[in-house]
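The values are calculated or read from the model by the stated rules, or taken from the named source; none is laboratory data. All figures in this text were calculated on a predicted structure; none of them were measured in a lab. Quick reminder, even Gly has a Cβ in these numbers, built from the backbone with ideal geometry, and neighbours come from all protein chains shown.
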Amino acid sequence: MILLALLSLVAKLVGTVFLFAAALGLLRFSDPFQRMHAATKAGTLGAGFVVLGVLLQLQRLDATLIGIAVILFLLLTIPVAGHLLGRAAYVSGASIGGLTGDDALQGVLDRQQGSLEARLDE
């Protein structure tokens, strides 16, 4: 009983650290692709660990089934949503200032010349 309570607390703390890292990444990174990466990777892990901590704390079958479904839903939907948002940002001409190598999608996807903000200001 004490061990499960301690594991629950550790899982919640790990999840909180990941969620804090995701929020910090959103504030500190310069382009939308880096921000999206921080939000999807760290946010998914953070939310998953917090839900896992709650599962360990409650120790009930109904909560466990719902919690496992929530974690699976997070793992299945957030990467897909992140990919679609990244593709939409790329096609719309968002800044790729954080890119250090060649643009691998150049010539594969049609891309607008300037960012949406710059096109709206014209």
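Please verify whether region 1-22 includes one or more residues that are of a type in the set (S, T, Y), over 27 Å from G97 (Cα atoms) and either within 15 Å of the chain's Cα centre (by Cα) or surrounded by 17 or more Cβ atoms within 10 Å (Cβ to Cβ) (or both).
Our first condition is that a residue be of a type in the set (S, T, Y); within region 1-22, this holds for 8, 16.
Among the residues that remain, those that are also over 27 Å from G97 (Cα atoms) are: 8, 16.
Narrowing the set further to residues that are either within 15 Å of the chain's Cα centre (by Cα) or surrounded by 17 or more Cβ atoms within 10 Å (Cβ to Cβ) (or both) leaves 8, 16.
Yes, some residue in region 1-22 is of a type in the set (S, T, Y), over 27 Å from G97 (Cα atoms) and either within 15 Å of the chain's Cα centre (by Cα) or surrounded by 17 or more Cβ atoms within 10 Å (Cβ to Cβ) (or both).
Taking the condition without any contact (Cβ under 8 Å) to a residue 24 or more places away in the chain and in contact with a strand residue (DSSP E or B) (Cβ under 9 Å, 6 or more places away or on another chain), does R111 pass? Walk me through how you get there before you give the answer.
Numbers: without any contact (Cβ under 8 Å) to a residue 24 or more places away in the chain: yes; in contact with a strand residue (DSSP E or B) (Cβ under 9 Å, 6 or more places away or on another chain): no.
The answer is no for R111.
Looking only at region 67-116, which residues are of a type in the set (D, E, K, R) and surrounded by 11 or more Cβ atoms within 10 Å (Cβ to Cβ)? Quick ask: steps written out before the conclusion?
Within region 67-116, the subset of a type in the set (D, E, K, R) is 87, 102-103, 110-111.
Those that are of a type in the set (D, E, K, R) and surrounded by 11 or more Cβ atoms within 10 Å (Cβ to Cβ): R87, D103, R111.
Which count do you get for residues in region 23-35 that are of a type in the set (G, A, S) and either surrounded by fewer than 16 Cβ atoms within 10 Å (Cβ to Cβ) or more than 14 Å from the chain's Cα centre (by Cα) (or both)? Break it down into steps so the answer makes sense when it comes.
Residues of region 23-35 that are of a type in the set (G, A, S), as a first pass: 23, 25, 30.
Narrowing further to those that are either surrounded by fewer than 16 Cβ atoms within 10 Å (Cβ to Cβ) or more than 14 Å from the chain's Cα centre (by Cα) (or both): 23, 30.
Of the residues in that region, 2 qualify.
Right, I96: modelled with pLDDT of 90 or more and β-branched (V, I, T) or not? Talk me through it step by step, then tell me what you get.
Working: modelled with pLDDT of 90 or more: no; β-branched (V, I, T): yes.
The answer is no for I96.
Residues F49, F73: which one is of a type in the set (F, W, Y), more than 23 Å from L27 (Cβ to Cβ) and under 23 Å from the mean Cα position of the chain (by Cα)? Explain how you work it out, then say what you get.
Numbers: F49 fails: more than 23 Å from L27 (Cβ to Cβ).
Testing whether each residue is of a type in the set (F, W, Y), more than 23 Å from L27 (Cβ to Cβ) and under 23 Å from the mean Cα position of the chain (by Cα) leaves just F73.
If I filter region 1-21 for residues that are within 21 Å of A94 (Cα to Cα), among the hydrophobic types (A, V, I, L, M, F, W, C) and at pLDDT below 95, do I get at least one hit?
Taking region 1-21 and keeping what is within 21 Å of A94 (Cα to Cα), we get none.
The answer is no, given that none of the residues of region 1-21 is within 21 Å of A94 (Cα to Cα), among the hydrophobic types (A, V, I, L, M, F, W, C) and at pLDDT below 95.
Among the numbered criteria (1) surrounded by 15 or more Cβ atoms within 10 Å (Cβ to Cβ); (2) under 30 Å from S8 (Cα atoms); (3) not hydrophobic (A, V, I, L, M, F, W, C), which single criterion is violated by D62?
(1) is the only condition that D62 fails.
Would you mind stating whether Q106 is among the polar types (S, T, N, Q) and either closer than 25 Å to G15 by Cβ or touching a Lys or Arg at 6+ places or on another chain (Cβ under 7 Å) (or both)? It would help to see each step written out before you state the result.
Details: among the polar types (S, T, N, Q): yes; either closer than 25 Å to G15 by Cβ or touching a Lys or Arg at 6+ places or on another chain (Cβ under 7 Å) (or both): no.
No: the conditions fail for Q106.
Going by the conditions given, is G46 at pLDDT 95 or above, crowded, with 17+ Cβ neighbours inside 10 Å, out of contact with any Gly (no Cβ under 9 Å at 6 or more places or on another chain) and more than 25 Å from A118 (Cα to Cα)?
Numbers: at pLDDT 95 or above: yes; crowded, with 17+ Cβ neighbours inside 10 Å: yes; out of contact with any Gly (no Cβ under 9 Å at 6 or more places or on another chain): no; more than 25 Å from A118 (Cα to Cα): yes.
Spelling it out, it is not the case that G46 is at pLDDT 95 or above, crowded, with 17+ Cβ neighbours inside 10 Å, out of contact with any Gly (no Cβ under 9 Å at 6 or more places or on another chain) and more than 25 Å from A118 (Cα to Cα).
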